Amino acid sequence: MSGDGSHQATLAALAANVGVAATKFVAFFFTGSSAMLAEGIHSIADTGNQGLLMLGRRRAKREPSADHPFGYGRERYFYGFLVSLVLFFGGGLFALYEGYEKIAHPHPLESWPWAVGVLVAAIVMESLSLRTAVRNSNRVRGGRSWAGFIRDAKAPELPVVLLEDTAALAGLVFALVGVGLTVLTGNSAFDGLGSIAIGLLLVAVAVTLARETKSMIIGEAATPAVQDAIEKVLDGDPSIQAFAQVRTLHLGPEDLLIAARVTMHSSGDVDGAAQALAETERRIREQVSIASAVYLQPTPPERVS
């Protein structure tokens, strides 16, 4: 949404991931840590993901065409789904493979202060990015829980950034623990286990994102609060005797299609009925600012059910 802070959160995440990725690869060069390599690849994947989100947001702004009369709003969901695939294959599976390789073919950790220093710096940068995402999410979250917000959000950017930044912070902690235990015990298997923990976390986040964005791609109705607002307008309209089959469909985060069958009070004035329907549509748009298409079908009383 234009005013939901998702663009600011995406930019903050992009800047953080570029800096974090660079420092992680420097640390990997000096230490040979598989957890550091996994985290570096994770940050590269996250950087690409922010680019995908920004590309999807830009492409969704194209004007409707003959082939896409309702516009391109759902492109934001498509690119959000691509993000989940990048996280799964580019981050999760790679980290699992690196962890397995480190356990199966162990080698000593070198220059461990580099790893610890970089991880601490990365934790600071990721925390700042997450703080931006949380602050912008709180503006639109209302009273919903975080799980409810991620599940119900119609714009994909904020949930994606929130989950990515949370996973990144948790992954950094896993890497720090793995490196620390390797230094304390001399057993490099702990470094490999840290990489495996990172991989499992990224796979879980990727599956969650894929499930949520898939729901929006195939078509999802408005939230119950929005549907209640629509029905309240119809119920309070003096020109409408009854209404049924109220349907809503998100064409994009900021585009909602609304359709309903309505029975007008009988007056015999066709022009007056048409004007009354137009006024009803106007009131619906006032209550639901994202209503981009409203279709009210007049129906004889006996056919409304």
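Here are the numbers:
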| read-out | value |
| --- | --- |
| Only one of ALA38, ALA27, ALA21 that is over 15 Å from the mean Cα position of the chain (by Cα), open to solvent by less than 70 Å² (accessible area, probe 1.4 Å) and free of Cβ contacts under 8 Å to residues at least 40 places away in the same chain | ALA21 |
| Pairs where the first residue, in the stretch 220-235, is surrounded by fewer than 18 Cβ atoms within 10 Å (Cβ to Cβ) and the second is assigned to a helix (DSSP H, G or I), C-beta under 8 Å, 6+ apart | ALA221/GLN227; THR223/ASP152; ALA229/GLN287; LYS232/GLN287 |
| Number of positions in the stretch 138-172 that are over 20 Å from LEU52 (Cα atoms) and of a type outside the set (A, V, I, L, M, F, W, C) | 11 |
| Meets criteria (hydrophobic (A, V, I, L, M, F, W, C), within 24 Å of the chain's Cα centre (by Cα) and open to solvent by 60 Å² or more (accessible area, probe 1.4 Å)) for VAL207 | yes |
| Qualifying residue in the stretch 189-204 (condition: of a type in the set (S, T, N, Q) and either open to solvent by 40 Å² or more (accessible area, probe 1.4 Å) or assigned to a loop (DSSP other than H, G, I, E, B) (or both)) | no |
| Condition met for ILE150 (open to solvent by 10 Å² or more (accessible area, probe 1.4 Å), closer than 24 Å to GLU75 by Cβ and not basic (Lys, Arg)) | yes |
| Hey, ALA104 over 21 Å from the mean Cα position of the chain (by Cα) and of a type in the set (Gly, Ala, Ser) or not | yes |
| Selection count, the stretch 238-275, where residues are more than 19 Å from ALA293 (Cα to Cα) and surrounded by 15 or more Cβ atoms within 10 Å (Cβ to Cβ) | 6 |
| Counted residues, the stretch 236-248 - those being in contact (Cβ under 8 Å) with a residue 40 or more places away in the chain and outside any strand (DSSP E or B) | 2 |
| Scope the stretch 249-299; condition of a type in the set (D, E, K, R), in contact (Cβ under 8 Å) with a residue 40 or more places away in the chain and within 26 Å of ASP152 (Cα to Cα); matching residues | GLU254, ASP255, ARG283 |
| Scan of the stretch 111-134 for residues that are polar (S, T, N, Q) and in contact (Cβ under 8 Å) with a residue 60 or more places away in the chain, ordered by number | SER111, SER129, THR132 |
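So that you can scan it fast, the table gives a plain yes or no per residue for (1) open to solvent by 30 Å² or more (accessible area, probe 1.4 Å); (2) of a type in the set (Val, Ile, Thr); (3) within 23 Å of THR248 (Cα to Cα):
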site: SER43; (1), (2), (3): no, no, no
site: ASP46; (1), (2), (3): no, no, no
site: LEU52; (1), (2), (3): yes, no, no
site: ARG62; (1), (2), (3): yes, no, yes
site: PHE70; (1), (2), (3): yes, no, yes
site: GLY73; (1), (2), (3): no, no, yes
site: PHE78; (1), (2), (3): yes, no, yes
site: SER84; (1), (2), (3): no, no, no
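The values are calculated or read from the model by the stated rules, or taken from the named source; none is laboratory data. Please read all numbers here as calculations on a predicted model, not as lab measurements. Please note: Cβ atoms are built from the backbone with ideal geometry, for glycine as well, and neighbour counts cover all protein chains shown. For the accessible areas, the whole protein counts, side chains as well, though only heavy atoms, and no ligand, DNA or RNA atoms are used. Shrake-Rupley method; radii C 1.70, N 1.55, O 1.52, S 1.80 Å.
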